[in-house]
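First the structure, in the form of C-alpha cells, and then the observations on it.
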Amino acid sequence: MTTFDEILVEAGEFGRFQKRVFGLFCLVSMPWACVFVGIVFQGFTPEHWCRNPVVEDLRGKCGWTLEEERKYTVPLINTTTGPAYSQCQRYDVDWNSTIGCSSPQPNFTVNYGNDVPLTTCQDGWVFDYKQRSSFVTEFNLVCSDAWMVDLFQSILNLGFLVGTIVMGYVADRYGRKLCFLVSTLANAITGILVAVSPNYIALVIFWGLFGFPMKGGWVTGYVLLTELVGVDYRRTVGIIYQMFFSVGILILPLIAYLIPNWRWLQVAITAPYFFFLLYYWWIPESPRWLLSQKRPSEAVTLAKEISKVNGKTLSKNVEALTDGNEELLQPSFLDLVRTPKMRKHTFILMFNWFTCAVVYQGLIMRLGILGGNVYIDFLISGVVEFPAAFLIIVTIERMGRRIPFTLSNIVSGAACLIAAFIPAACIGRLGITMAFEMVCFVNAELYPTFVRNLAVSVCSTLCDIGGIVAPFLLYRLAVIWLELPLVIFGILAFIAGGLVLLLPETKGRPLPETIDDIENPKRTKETKTYQLVTLLPSDVTTN
C-alpha cells in the first residue's frame, strides 16, 4: 500500500506541473478580493444634502457654488465629530420672499423668527459626485434608506454562507475541478446581471446570487492546491495564494479610479471569470479526491502525468497507490462534530473565521467613513497586508502554526483597542491579515481528505456571518462613537487568539486521510512509518 504523499516524493512535490496549476489559481484570488471589499467604491456615499429645485434655479441666476447652496439651504447640526451640515433636512421656507442674491439667511429671521422650520429631503439629494457614481447615488440610499447599503453587503455574505456550504459538499461529492468550473460559470453570469440591475431590488437579488458561488469556488481552488503539493510546500503555496488576494486589494483602487461608474466597475471585476472557464483544459482533478472516491486508476494516471511534466520517474510502488481506507467515505456534516477532537477544531476555527471577517471587513469599510482620499487610504491599507505573508513564511517554519496564529490575533486586537484612542489601525490590519491567511491553511490541515473541502467551507461560513454582521456593527455603532467598533474588534481578536492555543500543531505533518488520523495522530504516525519502511529497498533501510 502506497500513499499519495509517498508518490509525490518521487513525482516531485512542487515541480513544473504544480507550479503551472498554482500560477493559474493565484489569478483567481485577485477578482475575488475586488468582490469581497468592492462596496467601498461601488457603494461609496459622497457628501450630500437635500435638493431644492427652487434653489437650483437661484444658484444658476446668482452664480452660487455648490458649497454656497448648501450653506444657504441646509442647517448645521451637532454630530459626534462636531458641527456639520445636515444631510437629511433642509430649511422649509418660501424662497420667493428672499431678497436678491446675497446671503438669504438673514431674511429667514425676518419672516420666521428664530425658529426656522425644517423639512425632510422631499425632492431628493444633491451629491457632490466628484465625477464618481455609485449605486448609493443612483438609487438615493441615504438618510432613512442608508440601512439598505448595510443590507447590500450583508446579502453578499449571505450568498457566501449558503453557497460555500453547497459548494463544499459538491467539491467533496463530485470533485474539485467540476465544483470550481461550475462556480466560475455562475460568477460570470450573475456578475453581468449585477451590472445591468434596473433597480435596488434586482440589484440585491443578483448580488446575493453573485456571492453564492464566489467564495466556494475560491475555497475549492485553495483545497485543490494543498492536495497537489508536498507537505513542505503547503504553507508557502497557501500563503502566496492568499497574498494574491492582497494584490487584488491593491489593484482595486486603481481600477475604481479609472472606472468611476459602478456598473462598468462591476463589469471589469466580472470579466476575468470568463477567462477562468478556460481552466477546464488546464487544471487537473485532485488525486487525493480520486483516491478517496476509490478511483485509483485515474489517480495513478494523474501521478504519472505529474512525474512526466516534472521530469521525474516513478517506481512500481505507484500501482499500489491508495488512500488507506477500506471503504468509500462520503462527506457528512456530522463528521465535523461527531468525535471530540474534530468537534473542538470545528468550533474554534468557526470563531476564528467569524473574528477575522468582522475585524478585516470592519477595518476596510471604516476607510469609507473617515473622510480623506479613499483611493490613497485604500491603497496604503492594502500595502500593509504584504508584510503579513512574509511574516507568516518566516515564523511558521521556526515556530509552527499555533504561536504565530495566536500572536497575529492578539496584535490585531491590541492595535484596534489602541487605535480607538491613537492612530494604530494599520498594525491592526497587518495582524488580522496574518490571522486570515493562517486560519485558511490551518483549517485545511486539520481535516481528512474525504471531508476537507466541506470542513473548510462549513467553518468559513462563520466568516460569512461575520461579514453579515460587520456593516451593521461598524456603521451603526460609529454613530454612537466613531471608535466604538474598534473596541469590539479588539475584544473579539483577543478571544480568538487565546482559543488558537487549544489547537494541535500541524507543522511538518502529512495531510490526514481519515478521522482516525485526527483522533489518534500518534498511532497513525507509527503505522505509516512502519508501512514506509517496509516499502523501502532493503539496502536503504539497513544503511
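The values are calculated or read from the model by the stated rules, or taken from the named source; none is laboratory data. Here the structure is a predicted model, which means the values were calculated and not measured. Quick reminder, even Gly has a Cβ in these numbers, built from the backbone with ideal geometry, and neighbours come from all protein chains shown. Accessible surface is based on the protein model in full, side chains and every heavy atom, while ligands, DNA and RNA are left aside. Shrake-Rupley method; radii C 1.70, N 1.55, O 1.52, S 1.80 Å.
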Of Arg343, Arg366, the only residue that is part of a helix (DSSP H, G or I), modelled with pLDDT under 85 and either charged (D, E, K, R) or crowded, with 23+ Cβ neighbours inside 10 Å (or both) is Arg366
Among the helices (runs of 4 or more DSSP H) contained in the range 227-314, which hold 3 or more residues that are over 21 Å from the mean Cα position of the chain (by Cα) and either closer than 19 Å to Arg16 by Cβ or touching a residue at least 12 places away in the same chain (Cβ under 8 Å) (or both)? 287-292, 296-309
Condition test on Pro213, is it closer than 30 Å to Thr514 by Cα and modelled with pLDDT under 90? no
Can you name the residue in the range 326-340 that is in a helix (DSSP H, G or I) and open to solvent by 90 Å² or more (accessible area, probe 1.4 Å) and, of all such residues, is modelled with the highest pLDDT? Leu334
Within the range 180-207, how many residues turn out to be open to solvent by less than 10 Å² (accessible area, probe 1.4 Å), under 25 Å from Trp282 (Cα atoms) and either more than 20 Å from the chain's Cα centre (by Cα) or not hydrophobic (A, V, I, L, M, F, W, C) (or both)? 4
Yes or no: Val126 assigned to a strand (DSSP E or B) and either surrounded by 19 or more Cβ atoms within 10 Å (Cβ to Cβ) or touching a residue at least 24 places away in the same chain (Cβ under 8 Å) (or both)? yes
Pull up the range 1-14, narrow it to residues that are acidic (Asp, Glu) and farther than 12 Å from Val229 by Cβ, then point me to the one that is surrounded by the most Cβ atoms within 10 Å (Cβ to Cβ). Glu6
Val219 - would you say it is assigned to a helix (DSSP H, G or I), within 22 Å of Asn443 (Cβ to Cβ) and in contact with a Lys or Arg (Cβ under 7 Å, 6 or more places away or on another chain)? no
Could you please give the count of residues in the range 160-169 that are out of contact with any Asp or Glu (no Cβ under 8 Å at 6 or more places or on another chain) and surrounded by 24 or more Cβ atoms within 10 Å (Cβ to Cβ)? 3
When you scan the range 424-543 for helices (runs of 4 or more DSSP H) that lie fully inside it, which ones turn up with 3 or more residues that are open to solvent by less than 10 Å² (accessible area, probe 1.4 Å) and modelled with pLDDT of 80 or more? 425-445, 449-459, 461-480, 484-500
Pick from the range 60-79 the residues that are assigned to a helix (DSSP H, G or I) and open to solvent by 70 Å² or more (accessible area, probe 1.4 Å): which of them is nearest to Thr119 (Cα to Cα)? Lys71
Return the total of residues in the range 15-70 being under 30 Å from Leu228 (Cα atoms), free of Cβ contacts under 8 Å to residues at least 60 places away in the same chain and among the charged types (D, E, K, R). 1
Anything in the range 88-123 that is over 19 Å from Glu69 (Cα atoms) and either surrounded by 15 or more Cβ atoms within 10 Å (Cβ to Cβ) or modelled with pLDDT under 65 (or both)? List them, or say none. Val110, Asn111, Tyr112, Gly113, Asn114
